[in-house]
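Peer 1: Handing you this structure, nothing more for now.
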Amino acid sequence: MLSVTALALTGCGAGGGTTGASDDELTVLVEGGGLAELQPIADLYKEETGTSVKLVELPYDGLYDRIQTELGSGSVSFDIAALDAIWLSAFADGVQPLDDLFTDDVKSDLFPGLVTEAQVGGNYVGMPIFTNSEILYYRTDLFNDETNKADFEAEYGYPLAPPSTWEQYTDVAKFFTRDTDGDGQVDLYGTDVKGAVETEWLATVSQAGETTMVLDPASGEVTIDDADHLKALDFYTSLLPYAPAGAAQLDWAGSQNLFYQGKLAMMRFWGHAYTQTPDDAAVKGNIGAAPMIAGPGGIAGVPGAWYLSVPTATTKSEAAKAFIAFAYENNELSVDTSLGLVSRISAFESQAEVEGKENYPAILETLNSPATYARPATPQWQEIVNTVLTPMLQKAVEPGADNAALLKEAKAQIEAIIK
Amino acid sequence: MIGIETNRRSSRVLLWITLAVVLVIYGFPFIYLLLTSFKTPLDAIAVPASVLPSQWTLENYVAALTKDGVAPALINSVVTAVLSTVFSLVLAVPAAYAITRYRTPSGRVFVLAALVTRMVPTIAVGAPLVETMRTLGLTDTSLGLAIAHTTISLPLSIWLMSSFFESVPDELEEAAKVDGASRLGALWRVVLPVVSGGLAVTAIFAFLASWNEFLFSLLLTSVRAQTTPIVIANFQTQFGLDWGAMTALAAVYSIPVILLTLALQRHIVAGLTLGAVKG
Amino acid sequence: MRITDRRFALLMMAPAAAFLAAFVLWPLIRFISNGFFEISPIAGGPRDFVGFDNFVAAFQSAAFQGASLRTIVYTLVVVVLEFTLGLGVALIFASLGARSAVFRTVFMYPLMIAPVVAGLLWRFLLIDNFGIINELLRQAGILQSTSQIGWLSDPNIALFSVALPDIWLTTSFITLVLFAGLQNVPGDIIEAAKLDGARFPTLLFRIIIPLLRPVIAVALIVRGIDAARAFDIILIQTNGGPQESTTTLSLLIYRTMTRYGDPGLASAMGTIYLIAMLVIATVAIFAIWRPGSDR
């Protein structure tokens with residue numbers, strides 16, 4: 001038995017390098033969104049250099065698990081991986097520094113939050129290929145309606161417009177929550193409240209003026225029970241009366257769904273959706289986009305960026321880096337994809353006056369806001385989200401929740417995780 | 001089929017009604033899946049949900065089947081599942097036969113070992129298997145994936161075949177041996193035909209284990225051997241869920257298995273009837 | 001030369017044994033040995049021997065205790081409901097004889113559906129205000145509003161809700177296996193009992209179930225083992241939530257391994273799980289099936 005165990009232990013280092021693909025081929029692991037974004041760039045790369053770039057599409061969670069498994073084993077079947085921002089610190093030890101690619105020109109053309117986020121342990125470990133941010137969606141038909149305008153101004157004393165602050169958001173949400181067909185049941189809500197996903201609350205935390213979201217990975221200090229977090233949670237849950245029931249299970253898809261069905265007057269949602277409204281949506285043609293709302297700290301969103309990284313174990317490092325440089329240079333090609341997101345400020349600005357791209361200025365303003373912060377760079381982030389933040393939010397959206405107590409409890413749980 | 005089969009008319013009617021109710025409830029989710037596949041994208045996720053499409057469309061099927069990678073994935077699924085079923089049966093039949101017929105201590109140990117295999121959480125073998133496949137040069141091949149899937153189906157196959165062999169009386173083989181047949185000959189010519197229904201059932205489950213498997217496919221395949229469950233899951237991205245197209249591909253993906261089951265159904269019934277006559 | 005029965009048996013088992021040793025046992029040994037190390041999630045990092053520390057940590061972890069309890073509840077719910085429903089339907093099929101053949105095929109449909117799809121499908125059936133089930137219940141007048149039952153959002157019932165698709169998917173398996181077994185129940189024994197005036201319950205509990213014992217054992221043990229390690233179906237429906245109420249051991253082990261980057265702790269948890277399953281199954285196997293023993 002002992003010898004078998006010994007054999008097992010020594011055997012762990014076994015395993016070859018990259019699979020036997022030819023030199024003029026690169027394998028890139030991507031999620032569905034990354035596939036759409038990178039395809040035109042890969043096509044152009046093939047045309048210009050003869051190197052074919054194989055994009056392997058995997059489901060979101062599956063992509064993480066696949067990369068983790070391969071990096072853990074020390075031999076990889078891919079040359080580049082598209083990583084979600086929150087994965088960077090978990091995979092930082094298994095990917096190569098890309099410091100050469102981050103020249104001053106590059107850094108000045110990326111949102112400050114992304115430049116910070118790309119750096120883990122003093123190295124740039126990923127190059128952002130596109131970034132998202134939540135923006136405010138609203139129903140133009142409702143906001144432009146003369147009766148609504150008059151009624152709103154009469155009731156609240158200022159003109160009806162897409163809200164830009166918490167107070168306005170509450171007013172407008174309250175105003176639109178109503179029974180439109182007179183059957184005694186509320187069928188239009190001012191907003192939604194998402195309990196099954198955490199990012200929107202994190203954006204609210206930044207809006208409250210918090211500069212250290214949830215925790216400071218460097219010092220290990222957990223800030224989730226401070227005044228700004230509580231303020232954010234109180235505001236977040238104060239919207240429950242103006243939102244449909246079932247908040248605890250409401251996630252992104254659910255919220256988008258409600259909005260398209262015409263059940264919501266406003267929705268805070270990721271910027272990419274603006275160009276993707278289905279043709280049969282009840283609200284098609286009546287959707288407006290504005291920057292994310294501002295709290296006491298100003299406008300803030302959470303940058304949702306994806307990065308290209310090169311695993312240490314690949315044998316094609318140089319070719320992989322060459323492609324990443326190429327992808328950065330041709331970032332604008334992604335504008336016309338189904339997702340239509342880019343990472344360079346210049347690429348966002350190039351669409352400033354383009355009709356049908358009203359989401360670009362909204363994203364730009366949200367991401368350029370000084371109150372916008374990236375999520376903390378800790379390898380345990382996913383665990384904190386799954387076991388602390390989401391359950392905490394789900395409890396907070398229940399009736400009679402004690403927000404302060406929930407945050408205190410969350411602090412203890414996070415401290416136990418990061419030890 | 002005498003014995004359990006009832007002859008009273010009143011109880012037959014009652015049983016048919018019960019069966020109908022059970023089947024309607026049981027079939028509803030699948031019917032709903034099929035109906036959803038004919039809804040327009042937004043209708044598919046409407047609130048409040050409706051059972052019937054407000055407007056019938058084939059849009060989802062077009063979207064699903066023209067998606068890059070769907071056609072190769074369907075082929076990969078067939079190749080992998082067939083290979084895995086063959087591996088599973090070829091390995092399981094002799095083993096199960098030896099376990100039930102010879103009752104040696106090694107047989108008991110083996111049954112437990114197979115059982116342990118079944119208990120292992122998939123991820124526990126998944127990660128090391130990734131390295132094994134790379135060492136063998138089988139990463140991203142249908143053969144490698146089929147081997148991985150066989151680790152899931154083999155224990156069940158051994159178990160199922162054991163229980164089917166167990167229901168075959170020893171006298172049957174004794175008679176064959178008296179006629180001069182070798183032990184393998186007796187298994188091949190006398191015992192296997194008797195358990196052909198059991199073989200069919202075992203084959204179906206081995207096939208299904210591979211056909212629907214997700215985690216190994218995720219970890220072991222990339223460009224060349226990716227199977228359909230991964231592609232189905234890909235309709236849900238971080239940026240949206242194409243529920244209509246997903247249900248359409250799920251419906252398409254069910255067709256080969258339904259055909260296979262229908263084809264084998266006759267064998268199953270034949271095998272079972274033989275067993276009943278013998279009983 | 002005539003080889004002995006024992007050697008013949010060994011030869012027959014050898015290929016399957018070799019296969020399982022290479023592709024399951026070997027990975028498994030490596031997995032178990034990982035439980036004694038503190039391992040960096042990225043290759044090339046430290047790998048320190050820590051003895052039983054991971055096992056102690058697992059036992060002390062509230063997450064592990066909770067997940068263990070949930071795994072037991074989940075498995076019991078699934079197996080009991082599946083067996084009751086599966087046996088009932090198998091008996092109906094057997095009672096109706098050959099004419100039920102088409103329906104037997106119909107009943108097998110869910111088995112053909114990938115768990116990934118089934119999980120999503122049931123999420124759509126059950127999810128609070130979008131779900132068709134609550135909508136149908138509301139139309140039938142049973143519920144006042146579609147948000148009255150939070151199948152997947154109420155932590156008190158979510159564990160039962162996520163079990164539904166598992167039951168839906170695999171009751172067919174039990175039915176199929178039991179139906180096959182019923183075909184081998186000698187008709188004359190039943191006839192004789194009927195002539196003696198035995199009623200159906202007597203027939204069921206005194207004759208049919210005892211005769212089906214080996215088949216029932218296979219069905220229950222296989223399903224019990226599978227239900228205990230149910231994974232993708234729960235992952236897709238609730239991802240372990242709400243408030244961890246559906247995080248069973250298989251999810252916890254998987255998460256700890258990939259998401260939380262602690263392969264050592266995950267291996268320790270997996271090893272404990274495996275030992276517990278082994279003990280339970282061994283008891284079950286020798287109590288009801290007795291494979292390879294004298295009949």
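What follows is calculated from the coordinates using simple rules that are stated; it is not laboratory data. A quick note: this is a predicted structure, and the numbers were derived from the prediction, not measured. FYI the Cβ positions are ideal-geometry reconstructions off the backbone, even for glycines, and counts take in every protein chain you see.
Peer 1: Which one, A:236, A:387, A:306, projects farthest toward the positive side of the charge dipole computed for chain A from Cβ point charges (K/R +1, D/E -1)?
Peer 2: A:387
Peer 1: Next up: Helix B:142-166 versus the longest principal axis of chain B: what is the Cα-based angle in degrees, 0 to 90, to the nearest 10?
Peer 2: Between the helix axis and the principal axis of chain B, the angle is about 40 degrees.
Peer 1: Starting from the Cα of residue A:415, step 7 Å toward the Cβ, then list every residue of region C:57-82 with an amide N under 19 Å from that point.
Peer 2: Of the residues in region C:57-82, C:61-63 have backbone N under 19 Å from the label point off residue A:415.
Peer 1: Here is a further query. Answer with one residue from B:106, B:247, B:159: the one whose Cα lies farthest towards the positive end of the charge dipole of region B:67-276, charges on Cβ with Lys, Arg +1 and Asp, Glu -1.
Peer 2: B:106
Peer 1: Loop by DSSP (not H, G, I, E, B), at most 13 other beta-carbon atoms within 10 Å: where is the longest site-free stretch of chain A for GluC sites (Glu not before Pro)? Working shown, then result.
Peer 2: Details: sites that count: A:353, A:355.
No qualifying site falls inside A:1-352, the longest such stretch.
Peer 1: Let me ask you something else. Using modelled backbone amide H atoms (1.01 Å from N, in-plane), which distant-in-sequence or interchain residues come within less than 5 Å of residue B:237's amide H?
Peer 2: When sequence neighbours closer than 5 places are left aside, the close amide H contacts are B:242.
Peer 1: May I ask for the net charge around residue A:298, where only other residues with Cβ less than 12 Å from the Cβ of residue A:298 are counted and Lys, Arg are +1 while Asp, Glu are -1? Mind dumping the intermediate values first?
Peer 2: On the way: positive: none; negative: A:210, A:365.
It works out to a net charge of -2.
Peer 1: Mind sorting B:67, A:231 by how few other Cβ atoms lie within 10 Å of their own Cβ, fewest first?
Peer 2: Numbers: B:67 17, A:231 21.
Listing B:67, A:231 from fewest to most nearby Cβ atoms yields B:67, A:231.
Peer 1: Right, something else. When Cβ neighbours within 10 Å are restricted to other protein chains, what is their mean count per residue of peptide C:185-191? Intermediate values should be presented prior to the final figure.
Peer 2: On the way: counts 5, 5, 8, 3, 2, 4, 3.
Per residue, the average neighbour count from other chains is 4.
Peer 1: Taking the Cα centroid of region B:194-220 and of region A:330-355, what is the distance between the two, rounded to the nearest whole Å?
Peer 2: For region B:194-220 versus region A:330-355, the Cα centre distance is 47 Å.
Peer 1: Can you work out ³J(HN,Hα) from phi for every residue in region A:152-164, in order, using Karplus 6.51 cos²θ - 1.76 cosθ + 1.60 and θ = phi - 60°, giving whole Hz and x for Gly and Pro?
Peer 2: Once rounded to whole Hz, the list reads 5, 4, 5, 7, 10, x, 8, x, 6, 8, x, x, 10.
Peer 1: Of the residues C:219, C:14, C:67, which exhibits the maximal mean-square fluctuation in a Gaussian network model of chain C defined by a 10 Å Cα contact cut-off?
Peer 2: C:14
Peer 1: Could you check the simple spin-label distance between residue C:213 and residue C:278, using points 7 Å along Cα→Cβ, in nm with one decimal?
Peer 2: With each label placed 7 Å out from Cα toward Cβ, I get 2.7 nm.
Peer 1: Residues with beta-carbon under 15 Å from that of residue B:154, excluding residue B:154: net charge, scoring Lys, Arg +1 and Asp, Glu -1? Mind dumping the intermediate values first?
Peer 2: On the way: positive: B:118; negative: B:213, C:226.
So the surrounding residues net to -1.
Peer 1: Between helix B:9-37 and chain B, what is the angle of the helix's C-alpha long axis to the longest principal axis, kept within 0 to 90° and rounded to the nearest 10?
Peer 2: Compared with the principal axis, the helix lies near 50 degrees.
Peer 1: Related question: State whether chain C is rounded, prolate or oblate according to the following rule on the C-alpha gyration tensor (a ≥ b ≥ c being the square roots of its eigenvalues): a/c under 1.5 gives rounded; otherwise a/b larger than b/c gives prolate, and the remaining case gives oblate. The partial results should precede the final answer.
Peer 2: Working: a/c = 2.30, a/b = 1.15, b/c = 2.00.
Since a/c reaches 1.5 but b/c is at least a/b, the shape of chain C is classed as oblate.
Peer 1: For chain C, which DSSP H helices look membrane-span-like by this rule: Cα extent along the axis of 15 Å or more and mean Kyte-Doolittle of at least -0.5? Walk me through the intermediate numbers first.
Peer 2: On the way: long enough: C:5-20 (23 Å, 0.98); C:62-96 (51 Å, 1.73); C:115-126 (16 Å, 1.73); C:158-183 (38 Å, 1.55); C:213-228 (22 Å, 1.41); C:263-284 (31 Å, 1.83).
The qualifying helices are C:5-20, C:62-96, C:115-126, C:158-183, C:213-228, C:263-284.
Peer 1: May I ask for the angle, rounded to the nearest 10°, between helix B:196-211 and the longest principal axis of chain B, with both axes built from Cα atoms and the value confined to 0 to 90°?
Peer 2: Tilt of helix B:196-211: around 30 degrees.
Peer 1: In which sequence would C:82, B:166, C:38 go, from the one with the fewest C-beta neighbours within 10 Å to the one with the most?
Peer 2: C:38, B:166, C:82
Peer 1: At a Förster radius of 45 Å, what calculated FRET efficiency corresponds to the Cβ-Cβ distance of residue A:144 and residue C:65, to the nearest 0.05? Numbers along the way, then the final one.
Peer 2: Numbers: r = 57 Å, r/R0 = 1.26.
With R0 = 45 Å, the Cβ-Cβ based efficiency is 0.20.
Peer 1: Between residue A:120 and residues 5 or more places away or on another chain, which pairs have amide H atoms under 5 Å apart, with H built 1.01 Å from N, and which residues are they?
Peer 2: For residue A:120, the qualifying residues are A:125.
Peer 1: Stretch residue C:101-residue C:56 to full length: gain in nm at 0.36 nm per residue minus the Cα-Cα span? Display every interim value, and only then the final one.
Peer 2: Numbers: separation 45, 0.36 × 45 = 16.20 nm, distance 5.37 nm.
Between residue C:101 and residue C:56, full extension yields an extra 10.8 nm.
Peer 1: Moving to a separate point now. Would you please give the FRET efficiency between residue A:315 and residue C:21, computed as 1/(1 + (r/R0)^6) with r the Cβ-Cβ distance and R0 = 41 Å, to the nearest 0.05? Kindly include the intermediate steps, with their values, before the conclusion.
Peer 2: Working: r = 32 Å, r/R0 = 0.78.
Taking R0 as 41 Å, the efficiency between residue A:315 and residue C:21 is 0.80.
Peer 1: Can you give the charge dipole size of the protein assembly as shown about its Cα centre, rounded to the nearest 20 debye, using +1 on the beta carbon of Lys and Arg and -1 on the beta carbon of Asp and Glu?
Peer 2: Values: 58 positive and 92 negative charges, 1251 e Å.
That gives a dipole near 6020 debye.
Peer 1: Place a +1 charge on the Cβ of each Lys and Arg in region B:102-257 and a -1 charge on the Cβ of each Asp and Glu, then give the dipole magnitude about the Cα centre in debye, rounded to the nearest 20. If you can, show how the numbers build up before the last one.
Peer 2: Values: 8 positive and 10 negative charges, 51 e Å.
It comes to approximately 240 debye.
Peer 1: Right, here's the next one. Among C:161, C:16, C:87, which residue has its Cα furthest toward the positive end of the charge dipole of chain C, with +1 on Lys/Arg Cβ and -1 on Asp/Glu Cβ?
Peer 2: Positive-end residue among those listed: C:16.
Peer 1: Run the simple label-point estimate for residue B:28 and residue B:106 please: 7 Å along Cα→C-beta, distance reported in nm.
Peer 2: 5.4
Peer 1: Please list the non-local residues whose amide H lies under 5 Å from the amide H of residue A:266, H modeled 1.01 Å from N, same-chain partners needing a gap of 5 or more.
Peer 2: The answer is A:191.
Peer 1: Give me the net charge of residue A:91's neighbourhood, meaning all other residues with Cβ under 11 Å from the Cβ of residue A:91; Lys, Arg count +1, Asp, Glu -1. Provide the component values of the computation, followed by the final result.
Peer 2: Working: positive: none; negative: A:70, A:84, A:93.
Here the count lands on -3.
Peer 1: Longer than 20 Å from Cα to Cα, which of A:194/A:231; A:54/A:107; A:54/A:316; A:357/B:67; A:321/B:67 are they? Say none if no pair is.
Peer 2: Values: A:194/A:231 17 Å; A:54/A:107 28 Å; A:54/A:316 14 Å; A:357/B:67 26 Å; A:321/B:67 29 Å.
From the list (A:194/A:231; A:54/A:107; A:54/A:316; A:357/B:67; A:321/B:67), the Cα-Cα distance tops 20 Å for A:54/A:107; A:357/B:67; A:321/B:67.
Peer 1: Once chain B is represented by equal point scatterers at the alpha-carbon sites, with solvent omitted, what log10 I(q)/I(0) does the Debye formula produce at q = 0.16 Å⁻¹?
Peer 2: Evaluating at q = 0.16 Å⁻¹ gives log10 I(q)/I(0) of -1.25.
Peer 1: For region A:63-132, what relative contact order do you get, as a whole percent, if you take Cα pairs closer than 8 Å and at least 6 residues apart? Working shown, then result.
Peer 2: Working: 41 pairs, mean separation 22.7, N = 70.
RCO, region A:63-132: 32 percent.
Peer 1: Hey, in the GNM for chain C with a 10 angstrom Cα cutoff, which one of C:193, C:180, C:266 fluctuates hardest?
Peer 2: The residue with the greatest mean-square fluctuation here is C:193.
Peer 1: Quickly work out the residue A:116-to-residue B:50 label distance, labels modelled 7 Å from Cα along the C-beta direction, and quote it in nm with one decimal.
Peer 2: For the pair residue B:50/residue A:116, the computed spacing is 4.9 nm.
Peer 1: Another question, if that's okay. I need the fraction of alpha carbon pairs in the protein assembly as shown separated by more than 55 Å, rounded to a whole percent.
Peer 2: Values: 82377 of 492528 pairs.
Tail fraction, whole percent: 17.
Peer 1: Per-residue mean of other chain beta-carbon atoms within 10 angstrom of the beta-carbon, peptide C:91-100?
Peer 2: Counting other chains' Cβ atoms within 10 Å and averaging over C:91-100 gives 6.
Peer 1: I've got another one for you. Residues in region C:186-208, backbone N under 19 Å from the label point at residue B:8 (7 Å along the Cα-to-beta-carbon vector): list them, ranges by number please.
Peer 2: Counting backbone N atoms under 19 Å from the label point, the list is C:190-208.
Peer 1: Give me C:262, A:43 sorted ascending by neighbouring Cβ count inside 10 Å, so fewest comes first.
Peer 2: Details: C:262 22, A:43 13.
Fewest-to-most Cβ neighbours within 10 Å comes out as A:43, C:262.
Peer 1: Quick check: Cα centre of region C:87-122 to Cα centre of region C:211-266, how many Å?
Peer 2: The two parts, judged by their Cα centres, are 23 Å apart.
Peer 1: Going by average Cβ neighbours within 10 Å, how do the peptides A:232-243, C:248-259 rank, with the highest at the top? It would help to have the intermediate numbers written out before the result.
Peer 2: Working: A:232-243: 20.9, C:248-259: 25.9.
Per-residue Cβ counts within 10 Å, averaged per peptide and sorted highest first, yield C:248-259, A:232-243.
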